[in-house]
Ligand SMILES: Cc1cc2nc3c(=O)[nH]c(=O)nc-3n(C[C@H](O)[C@H](O)[C@H](O)COP(=O)(O)OP(=O)(O)OC[C@H]3O[C@@H](n4cnc5c(N)ncnc54)[C@H](O)[C@@H]3O)c2cc1C
């Protein structure tokens, strides 16, 4: 592959860089807040970010122009994501722009497009994803939440779990079983559900880092209009697993890993304990830092591979699994190395801690990176069967 932009790509990269520098003007504080996942604070500092992005269709840059996107091709999306990640600009869209919006564009009817797409772009409506259940995560098609037809509605009973952002989401895109007698992949439908509907109960779950990031969601006789089914009845599995032609290189996380390492190296260089620089005390941790640096560069190359395939019209399969597996396990290794670089200070929380407690928090949250979005074991299964041609277990 060619690592250099062609003339058009270089011009677009320059356009994005100029836009970031002159219009968004990210400052250190906004970047820090974004890096710690405190998006609301970051948005307050980056005033007008949403409006500025909206004028160019860059809130959902991959969406077609007719729906308010910029219709960017895969390479331009990649360049934009890379430059935004490099400048630590928080994503404004969330699951609305990246997941349910594209699904509605591909499978939804005109009424659903009219009702939801502009509200996703304006940020007025936040979405959450109701897929996983207590007994159905990796084997998602075994889900048990039921939806039973009653007049013009479906009545939903059951439970979802690990639902990120459900406590502040206005709507949920979810899958429920509409035909319990059909083979498991063929009796599921894809619903859009108003979280204010009577019978929806959200109970926050506190994670290791003491954040109420995800939730349990219970449904007791929740009525959802039949018109809120996206795509065909009982074909929801295929709606939910639609392979959308979007940039899926995970370049944002690969760039993030490199930035994290830059921060660690800077800390080690500048920090002193007992009059001695931290670098001089690192010993073998120095070699670990180097290993992580090499690995972070490999993660970036894997992202380039995925995007190159997409730009050629190929669908990355086990290649995307390799990228996810490697980057998520590397996230954990970097966090462990980070804790060694910081020493006992790494256990401190809050603003007075080194790097404002970023490492303590990322050490805790990194644990989930090999679970969310498909566990490492599942990625290895995909690589074994589709990549290496080994038999399925
Ligand atoms: C931070 C975070 C955010 C999340 N957000 C959401 C969300 O917003 N919405 C949502 O719907 N879900 C969400 N999830 C849930 C996530 O999709 C599931 O946790 C994930 O798919 C794994 O499912 P599970 O937890 O049920 O584990 P299980 O599937 O029960 O797996 C348990 C263990 O068994 C292993 N295992 C399972 N099957 C196999 C197999 N065939 N071969 C080998 N090993 C196997 C797994 O690798 C794992 O180690 C989130 C999870 C996390 C961690």
Equivalent ellipsoid semi-axes - Cα gyration tensor, region 251-387, angstrom: 32, 15, 12
Neighbour-count order for 248, 88, 392, fewest beta carbons within 10 angstrom listed first: 392, 88, 248
Cα gyration tensor category, rounded, prolate or oblate, for region 88-204 with a/c compared to 1.5: prolate
Cα-derived Rg to Rh of the chain, Kirkwood definition: 0.97
Between helix 318-342 and the chain: long-axis angle, C-alpha atoms, 0 to 90°, nearest 10: 40
Top of 194, 124, 212 by mean-square fluctuation, Gaussian network on the chain, Cα under 10 Å: 124
GNM top mover of 283, 374, 165 - the chain, alpha-carbon springs below 10 Å: 283
Rounded Å value of the spacing that divides the Cα centres of region 87-122 and region 4-48: 21
Packing-based exposure ordering (other Cβ within 10 Å, fewest first) of 107, 318, 116: 318, 107, 116
Selected from 11, 62, 141 as most flexible by GNM, with the chain as the system and alpha-carbon contacts under 10 Å: 11
Mean separation of Cα contacts under 8 Å (6+ apart) over length of the chain, as relative contact order %: 12
Inverse mean reciprocal Cα-Cα distance (Kirkwood Rh) of region 178-228, Å: 13.4
Tilt relative to the chain, helix 7-19 - C-alpha long axis, 0 to 90 degrees, to 10: 80
Order of 273, 22, 337 under a 10 Å beta carbon neighbour criterion, fewest first: 22, 273, 337
Estimated 222 nm signal from helices in the chain, with DSSP H stretches of n ≥ 4 weighted -39500 (n - 2.57), rounded to 500: -13000 deg cm²/dmol
Degrees, to the nearest 10: 285-311 long Cα axis against longest axis of the chain: 40
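Report, please, the projected area of region 14-128 averaged over directions, based on the convex hull of its C-alpha atoms, in nm². Please list the in-between numbers first.
Details: hull surface 27.9 nm².
It is 7.0 nm².
FYI, it's all coordinate maths here, none of it is from the lab. Owing to the predicted nature of the structure, the values given are computational and were not obtained by experimental measurement. Don't worry about glycine lacking a Cβ; one is built from the backbone with ideal geometry, like all the others, and counts go over all protein chains shown.
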